[in-house]
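Student: Quick one: the structure is below, and I'll ask about it shortly.
The values are calculated or read from the model by the stated rules, or taken from the named source; none is laboratory data. Remember, it's a predicted structure, so these values are computed and weren't measured experimentally. Neighbour counts are summed over all protein chains in view; Cβ atoms, including those assigned to glycine, are modelled from backbone coordinates with ideal geometry. Please note that ligands, DNA and RNA were not included when accessible areas were found on the heavy atoms of the full protein model with its side chains. Shrake-Rupley method; radii C 1.70, N 1.55, O 1.52, S 1.80 Å.
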Amino acid sequence: MSRKFVFAAVAALLLCAQAAPTIAAPARAAEASASVKLDKARINVALKAMVDSGRAVGVSALVWQGGQERYFGVAGMADREAGKPMGRDTLVQIFSMTKPVTGVALMQLWERGQFGLDDPLSRYLPEFADMKVSDGQGGVRPAARPILVRDILRHTAGFSYGWGDGPADAAFRAADPLNLNNDLAEFGRRLATAPLLYDPGEQWNYSAAVDVQALLVERLSGQPFETYVKASILEPLGMKTTAWTQPEAAFAGLAATYQRGADGKLARQDDVVTRRMNFDPSRRLTMGGAGLVASIDDYARFSRMLLGEGALDGVRILKPSTVRLMASDHLDPRVTARSWLPGKGAVGFGFDVAVRQRQPQTPDENRGAVGEYFWDGMASTVFWVDPANQLTAVLFVQTLPFDGTLHRDFRAAVYGPHYLGPKGD
């Protein structure tokens with residue numbers, strides 16, 4: 001499979017510690033500075049503006065609050081060329097919104113006592129023993145400490161995604177671990193040959209660490225990663241259409257992906273490229289960091305499970321304390337090098353999700369409440385869980401490259417443009 005495709009996907013995603021954290025109970029709705037009351041008309045206007053402005057061909061949005069669906073709406077087309085409107089059953093490629101699903105899978109195994117968060121990763125994946133760190137000049141040195149399991153959950157392992165100009169990124173590209181012809185075992189072997197960008201625990205850097213999580217799930221469970229996730233998360237939650245491997249019949253229901261060209265207009269991605277992640281029988285890699293296709297109702301069920309502290313409709317996926325652990329900031333204050341993460345607002349990072357730490361600091365920052373956690377995807381999708389307002393929201397769209405203005409406008413429509421929420425700590 002073309003490494004060009006995989007690296008292009010990874011690069012587009014970008015536009016999208018040492019100490020254990022204190023785990024705080026979720027903020028209560030009464031602590032919010034202003035109760036969030038949804039204005040459906042305001043959200044409708046925002047979705048329509050996304051399409052009318054040419055930033056999206058089609059969008060859909062779903063908001064749950066207080067145990068009820070409070071909003072569902074669509075605007076535009078799932079497939080402009082085929083004249084197919086965006087609908088409730090439209091499937092989309094969610095890319096990095098796969099990552100929290102992978103994190104939940106790994107934390108299920110943690111609950112069963114199959115590993116410790118501060119165990120060396122090499123205890124379970126020996127290929128990652130004796131890792132080297134790039135010196136930035138073409139040489140390498142031994143890592144100052146082993147990679148811990150905690151590091152692969154919070155993006156502090158030192159791994160690359162291959163988009164930079166330095167020697168470690170060049171080595172990552174040469175190893176080609178995310179080639180879709182690799183299975184997860186081969187991915188791990190190749191990744192382990194590339195030097196780290198920095199010592200484990202020193203910096204936050206978005207990377208292939210979540211694919212390492214998938215490999216760890218596979219190794220610990222004794223099952224193929226996709227099989228484990230289907231049996232342990234997707235089927236119990238009733239996420240009937242969500243999968244990495246999709247039947248050919250599902251392609252007709254998949255939204256087309258649109259790429260912004262040099263002229264500023266969105267052009268339809270070739271179906272050959274769109275098919276590679278989910279409809280190509282030669283694909284061997286099930287990525288932990290990307291690859292799921294889902295309907296908006298399916299992903300809302302996943303986010304509602306998180307809002308329910310690990311349970312939905314009588315089915316428990318994780319313990320409440322485990323969800324709170326995942327949704328707590330795990331970055332030591334000494335981890336000041338955080339790549340582009342600060343661009344997502346006043347946030348820290350938990351296990352596979354960003355965590356809002358302070359009220360919005362500027363008028364242009366995304367609206368939201370302290371204690372919320374979220375992540376997004378390469379094609380501009382986003383979800384968040386807001387315990388303070390007992391709210392979860394999902395926005396589906398297929399726009400490349402990543403366009404954060406869509407998130408800003410959707411959040412302003414949900415919360416109101418001046419919402420600040422609870423002060424937090």
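Student: Ignoring ligands, DNA and RNA, what percent of the accessible area of the range 247-292 is carbon or sulfur (1.4 Å)? Let's see the in-between values first.
Tutor: Numbers: 1190 of 2130 Å².
Answer for the range 247-292 is 56 percent, counting heavy atoms of protein chains only.
Student: Also, I was wondering about something else. Could you order Val140, Val36 by accessible surface area, starting with the largest, using a probe radius of 1.4 Å?
Tutor: Per-residue accessible area, sorted high to low, gives Val140, Val36.
Student: Residue-wise, which Karplus ³J(HN,Hα) couplings in Hz belong to the range 149-166, taking 6.51 cos²θ - 1.76 cosθ + 1.60, θ = phi - 60°, and x for glycine or proline?
Tutor: 4, 4, 5, 6, 7, 10, 6, 10, 6, x, 5, 9, 10, x, 9, x, 9, x
Student: In Å, what Rg and Dmax follow from the Cα atoms of the range 198-290?
Tutor: Calculated on Cα positions, Rg and Dmax stand at 16.8, 49 Å.
Student: Starting from the exponent 0.38 and prefactor 2.2 Å, build the expected Rg for the range 318-425 from its residue count and divide its actual Cα Rg by it.
Tutor: The reported ratio for this selection is 1.03.
Student: Can you work out D for the range 242-367 in µm² s⁻¹ from Stokes-Einstein, where Rh is the Kirkwood radius over C-alpha pairs, the temperature is 20 °C and the viscosity is 1.002 mPa s?
Tutor: Numbers: Rh = 18.1 Å.
It comes out at roughly 118 µm²/s.
Student: Using only the heavy atoms of the protein chains and a 1.4 Å probe, how would Asp263, Asp271 rank by accessible area, largest first? Write out the running numbers ahead of the final one.
Tutor: On the way: Asp263 110, Asp271 55 Å².
Order by accessible area, largest first: Asp263, Asp271.
Student: Would you please put 167-180, 97-110 in order of how densely packed they are, using the mean number of other Cβ atoms within 10 angstrom per residue and starting with the highest?
Tutor: 97-110, 167-180
Student: Turning to a different aspect of this structure: Probe radius 1.4 Å, ligands and nucleic acids left out: which of Lys132, Lys423, Lys230 has the largest accessible area, and how do the rest follow?
Tutor: Numbers: Lys132 85, Lys423 160, Lys230 110 Å².
Per-residue accessible area, sorted high to low, gives Lys423, Lys230, Lys132.
Student: Tally Lys/Arg at +1 and Asp/Glu at -1 over every other residue whose Cβ is under 11 Å from the Cβ of Asp313; what's the total?
Tutor: So the surrounding residues net to +3.
Student: Moving to a separate point now. Check the straight Cα-Cα distances from Lys344 and name the lysines below 21 Å, setting aside those fewer than 8 residues away within the same chain.
Tutor: Partners found: Lys99, Lys423.
Student: Where does the range 315-356 land on Rg(C-alpha)/(2.2 N^0.38 Å)?
Tutor: Rounded to two decimals, the normalised Rg is 1.33.
Student: A follow-up question, please. Using a 1.4 angstrom probe on heavy atoms only, work out the carbon and sulfur share of the accessible area of the range 36-142 in %. Kindly include the intermediate steps, with their values, before the conclusion.
Tutor: Details: 2340 of 4610 Å².
Ligands and nucleic acids excluded, carbon and sulfur give 51 percent.
Student: Add -39500 (n - 2.57) for each DSSP H run of 4 or more in the chain, then divide by its residues: what number comes out at 222 nm, to the nearest 500 deg cm²/dmol?
Tutor: -8000 deg cm²/dmol
Student: Below 14 angstrom from the Cβ of Ala144, what's the summed charge of the other residues (Lys, Arg +1; Asp, Glu -1)? Mind showing how you got there, number by number?
Tutor: Numbers: positive: Lys132, Arg141, Arg145, Arg334; negative: Asp130, Asp135, Asp151, Asp199, Glu202.
My count for the surroundings of Ala144 gives -1.
Student: While we're looking at this one, here's another question. Which one of Ala56, Ala129, Phe279 is farthest out on the positive end of the charge dipole of the chain, using unit charges on Cβ (Lys, Arg +1; Asp, Glu -1) and the Cα centre as origin?
Tutor: Ala56
Student: With a 1.4 Å probe and all protein chains left in place, how much accessible area per residue does the chain have, in Å²?
Tutor: Heavy-atom SASA per residue in the chain reads 37 Å².
Student: Convert each backbone phi in the range 364-381 into a coupling constant with the Karplus relation 6.51 cos²θ - 1.76 cosθ + 1.60 (shift: θ = phi - 60°), then list the ³J(HN,Hα) values in order as whole Hz, x for Gly and Pro.
Tutor: Each residue of the range 364-381 in turn: 8, 6, 3, 6, x, 10, 3, x, 6, 9, 7, 7, 9, x, 3, 8, 6, 6 Hz.
Student: What are the residues whose amide H is under 5 Å from the amide H of Trp384, where those residues sit 5 or more places off or on another chain and H is modelled from the backbone?
Tutor: For Trp384, whose amide H was placed from the backbone, the distant partners under 5 Å are Ala393.
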